[in-house]
Amino acid sequence: MNEADLAAAFDMKGAFNDVALRLTPGAVEEEVIRGVDRLTEPYGGLGAYPRREQTSDEFVTNEIRELRGMALIAPAIFLAVAAFLLNIVLSRLVATQREQIATLKALGYTGVEVGWHYVKMVLVLVAAGVALGTVAGAWMGANLTSLYTRFFHFPVFSFTLEPEVVGLGLLVSGGASLAGTLGAVRRATRLPPAEAMRPEPPASYRPTLVERLGLGRLFSPATRMVLRQLERQPRKALFSALGIATAVAVLVLGNFMGDSVQYAMDTHFEMAQRQDVTVSFLEPTADTALYDLRHLPGVRSCEAFRVVAARLRFGPRSRRLGIRGLEPAGELNQLVDIYRQRVELPAEGLLLSRKLAELLAAGVGDTLEVEVLEGERPVREVTVAGLVDDFSGTSAYMSRAALNRLLREGPVLSGAFLAVDAARRDELYAGLKQSPRATGVVVKEAALASFRATVAENLLRMQAFNVFFAAVIAFGVVYNSVRIALAERGRELATLRVIGFTRAEVSRLLLGELALLTAAAIPAGLVLGRLFAALAARAYDTELFRIPLVIEPSTYGFAALVTLIAALGSGLAVRRRVDELDLVAVLKTKE
């Protein structure tokens, strides 16, 4: 309502219970807070606090911080993979074009001109990528803006594409691409014409490790040829396998967020918060109210809790929060850490979330100053009895009895957790509405649905984008690896066809290498993907949320399956190119 109309309706003109202040330039925030506290204390003031401690500001600031972290970590990983792939592609391209490079240099072209030719090719790819990325990024940015508008209820929040952002994307992607191809371009510029005119010296031909161990007879001739090729060119084999492994890793990175969010939701809503309804009272109430709650329709059991607003201080650091007093033997609301282990409440002292302990620079055994922000606002000293790794917020817990003793108030409570019969939930709501003390009712089912519709939607949409990009990279890595291998060995494979090998036998040689490289790369990629996911999880280690590093077996299976499908599709595509090898050109080649 309009403030003046509300004041007139209750005959409380000029009254207020909240006030927002804008400070003049140069004002000292801490001094203003102390002055406001002195003025409002006689009237029951609960304490002033800066905007950064306001819940809405914390959420928005935290979201910006998370986006900044993800904007640094995820693109850095993607760009590193892209630079690595460009290096592989360009290195092999230079190797297959040795004779053309030698001819150009013999005709008078300088090494710089030859190198500039390859740099221009990379820049064309970068320009095309930036153009496509700008269009896709603008579309995704508009969708993300719409999501945030609904989530935060911003009155006005529009998406604008700044030219500076496009320019920054061009510089970063171009720099990463050039850095990845610098080594290949340098080799092209330094290749002497006389040396380049000759084909690369053949690899050292000797029995493979399998043959030296006497195991060669266990394999077919085609398999032994594949093993010899890989062992005689270990560097190329290693980089090919590493390229496929990075594709697997990016797939794991793109999909792990859904696993982590689902793990956190199951732990928080199913293992820790086992109540159906949470009821909050207008003011602290004697625990005899539990008897009234138990007699409400549909209530099967209830547990009391006490919450008190307080400011915790340790040295120069402080945090404003609510200390939660829970029942040590409670079953409806338990303390469960990120490892899904129940945490027992100490008989005395505070149990702090590890994040809060980090912010206060406090540890077990330290004594905190607790300034209570309600009632007579006493100041107490409490020892930190333990730490707990939780998923969200900066929390402090105590036994309800210990908190009552700390406040010297007797056995009172702020609300209760209820387990209710779903069939009589409407009757329960009607009974709570008639209670003048009950000021808040939270239904876990509705809270879970709200979480899924907001926070989970945001995270999972970002996950969908990452998975899509990862799948594209996976196919591109595998296809380019086998396509370049065909370009390098085209003459050799065609020669085998001329001397009598069938199309199937020749294809088996090439695709056998791909199969072995893929089989070796997938396990390495799964390990690398977990390292990437660990880096991404650190971006969500904030005061409001902590995303655990959880990767389900289905995520590993998905990454391996997509890579295998990409390998199969690439193999089928290259098999057709093998069938089209120019045998006449091979017969005309000079030895």
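Coordinate-derived values only; no laboratory data. These figures come from a predicted structure and were not determined experimentally. Quick reminder, even Gly has a Cβ in these numbers, built from the backbone with ideal geometry, and neighbours come from all protein chains shown.
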| field | Antiparallel %, DSSP beta bridges [both residues in the chain], to 5 | value | 85
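If you take the Cα Rg of the range 59-199 and divide it by 2.2 N^0.38 Å, with N the number of residues, what do you get?
Values: Rg = 21.1 Å, N = 141, 2.2 N^0.38 = 14.4 Å.
Dividing the Cα radius of gyration by 2.2 N^0.38 Å gives 1.46.
Counting other beta carbons within 10 Å of each Cβ, put LYS444, LYS236 in order, fewest first. Write out the running numbers ahead of the final one.
Values: LYS444 17, LYS236 22.
Starting with the residue having the fewest Cβ neighbours, the order is LYS444, LYS236.
Between GLU270 and LEU561, take the C-beta separation as r, use R0 = 51 Å, and let me know the FRET efficiency to the nearest 0.05. Write down the numbers at each step before the final one.
Details: r = 29 Å, r/R0 = 0.57.
It comes out at approximately 0.95.
Just how large is the dipole of the range 299-420 about the Cα centre, in debye to the nearest 20, putting +1 at every Lys and Arg Cβ and -1 at every Asp and Glu Cβ? Walk me through the intermediate numbers first.
On the way: 17 positive and 16 negative charges, 50 e Å.
It works out to roughly 240 debye.
Divide, for the range 319-415, the radius of gyration over alpha carbons by 2.2 N^0.38 Å, where N is the residue count.
After normalising by residue count via 2.2 N^0.38 Å, the value is 1.03.
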| Expressed as an acute angle from 0 to 90° and rounded to the nearest 10, what is the orientation of the C-alpha long axis of helix 234-266 relative to the principal long axis of the chain? | 20
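With n ≥ 4 as the cut-off for DSSP H runs, can you work out [θ] at 222 nm for the chain, using -39500 (n - 2.57) per run divided by the number of residues, rounded to the nearest 500? Walk me through the numbers before you get to the answer.
Values: 19 runs with 343 residues, N = 591.
So the calculated ellipticity at 222 nm is -19500 deg cm²/dmol.
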| task | Go ahead and run the numbers for FRET between SER158 and PHE468, Cβ-Cβ distance against an R0 of 30 Å, rounding to 0.05. | result | 0.75
| Cα-based convex hull volume of the chain per residue, rounded to whole Å³ | 241
| field | With Cα atoms, 0 to 90° folded angle of helix 111-152 axis to the chain main axis | value | 30
| field | Per-peptide average of other Cβ atoms within 10 Å, ordering 536-549, 333-346 highest first | value | 536-549, 333-346
| On a 0 to 90 degree scale, rounded to 10, what angle separates helix 503-538 from the longest Cα axis of the chain? | 30
| said: Let's test this: bin the Cα-Cα distances of the range 3-48 at 5 Å from zero up to the farthest pair and state each bin's percent. | reply: 5, 18, 22, 17, 17, 12, 7, 2
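Going by average Cβ neighbours within 10 Å, how do the peptides 400-412, 160-172 rank, with the highest at the top? Could the numbers behind the result be given before it?
Working: 400-412: 17.9, 160-172: 12.0.
Ranking the peptides 400-412, 160-172 by packing returns 400-412, 160-172.
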| request: Subtract the Cα-Cα distance of VAL36 and THR145 from 0.36 nm times their separation in residues, and report this length gain in nm to one decimal. | output: 35.5 nm
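Counting Lys and Arg as +1 and Asp and Glu as -1, what is the net charge of the other residues whose Cβ lies under 13 Å from the Cβ of LEU572?
Summing Lys and Arg as +1 and Asp and Glu as -1 gives +3.
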